[in-house]
Amino acid sequence: VQLQASGGGQVQAGGSLRLSCAASGRTGSIYVMGWFRQAPGKEREFVAAGEWSTPRTYYADSVKGRFTISRDNAKNTVYLQMSSLKPEDTALYYCAGIKPLSGSIYYWTNYDYWGQGTLVTVSS
């Protein structure tokens with residue numbers, strides 16, 4: 001499975017951005033697609049995830065109510081709509097895929113597939 005992330009950029013606080021992650025290859029092996037982020041000097045952290053075949057979604061408390069994960073199965077693409085952005089949302093954002101039985105979806109070390117990062121910068 002190959003993942004291609006896009007959509008990062010620079011935005012002012014309070015603004016919005018939409019990240020995209022296009023999947024190709026054996027997408028049938030994906031159980032959950034997730035978004036993680038890593039700010040300079042900090043560990044990679046869970047942001048949001050959605051099951052590939054059901055409507056279930058999961059969010060970090062820090063983004064709940066501001067970010068929305070969605071997917072377009074016809075395009076094999078997952079989106080992360082980010083609204084009410086804050087300077088603390090500044091980070092390199094990664095999309096990732098996890099196979100069934102790979103472990104908790106909240107830990108980046110359990111994910112099997114990774115896209116390249118896309119940088120989100122939120123200025124105050």
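The values are calculated or read from the model by the stated rules, or taken from the named source; none is laboratory data. A quick note: this is a predicted structure, and the numbers were derived from the prediction, not measured. Glycine gets a Cβ as well: all are built from the backbone with ideal geometry, and neighbour counts include every protein chain shown. Each accessible area value is taken on the protein alone, full model and side chains, heavy atoms only, with ligands, DNA and RNA left out. Shrake-Rupley method; radii C 1.70, N 1.55, O 1.52, S 1.80 Å.
Condition check ((1) at pLDDT below 95; (2) of a type in the set (S, T, N, Q); (3) at negative phi) across all residues:
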| residue | (1), (2), (3) |
| --- | --- |
| Leu19 | no, no, yes |
| Gly28 | yes, no, yes |
| Val47 | no, no, yes |
| Arg66 | no, no, yes |
| Leu80 | no, no, yes |
| Thr109 | no, yes, yes |
| Trp114 | no, no, yes |
Selection count, region 1-14, where residues are loosely packed, with under 15 Cβ neighbours inside 10 Å and over 20 Å from Gly97 (Cβ atoms): 5
Selected residue (only one of Thr27, Thr90 is farther than 22 Å from Asn110 by Cβ and either without any contact (Cβ under 8 Å) to a residue 40 or more places away in the chain or not small (Gly, Ala, Ser) (or both)): Thr90
Residue count, region 101-124 (criterion: open to solvent by 60 Å² or more (accessible area, probe 1.4 Å) and closer than 12 Å to Cys21 by Cα): 2
Number of positions in region 3-61 that are more than 28 Å from Ser123 (Cβ to Cβ) and not in a strand (DSSP E or B): 12
Qualifying residue in region 49-62 (condition: of a type in the set (Val, Ile, Thr), touching a residue at least 24 places away in the same chain (Cβ under 8 Å) and open to solvent by less than 60 Å² (accessible area, probe 1.4 Å)): no
The listed residue being open to solvent by less than 60 Å² (accessible area, probe 1.4 Å), among the basic types (Lys, Arg) and under 13 Å from the mean Cα position of the chain (by Cα), out of Arg66, Arg71, Arg18, Arg37: Arg37
Given (1) surrounded by 15 or more Cβ atoms within 10 Å (Cβ to Cβ); (2) more than 20 Å from Thr109 (Cβ to Cβ), number of the condition Arg44 does not satisfy: (2)
Top-ranked residue of region 74-100 - restricted to ones that are closer than 20 Å to Tyr113 by Cβ and aliphatic (A, V, I, L, M), ranked as surrounded by the most Cβ atoms within 10 Å (Cβ to Cβ): Val78
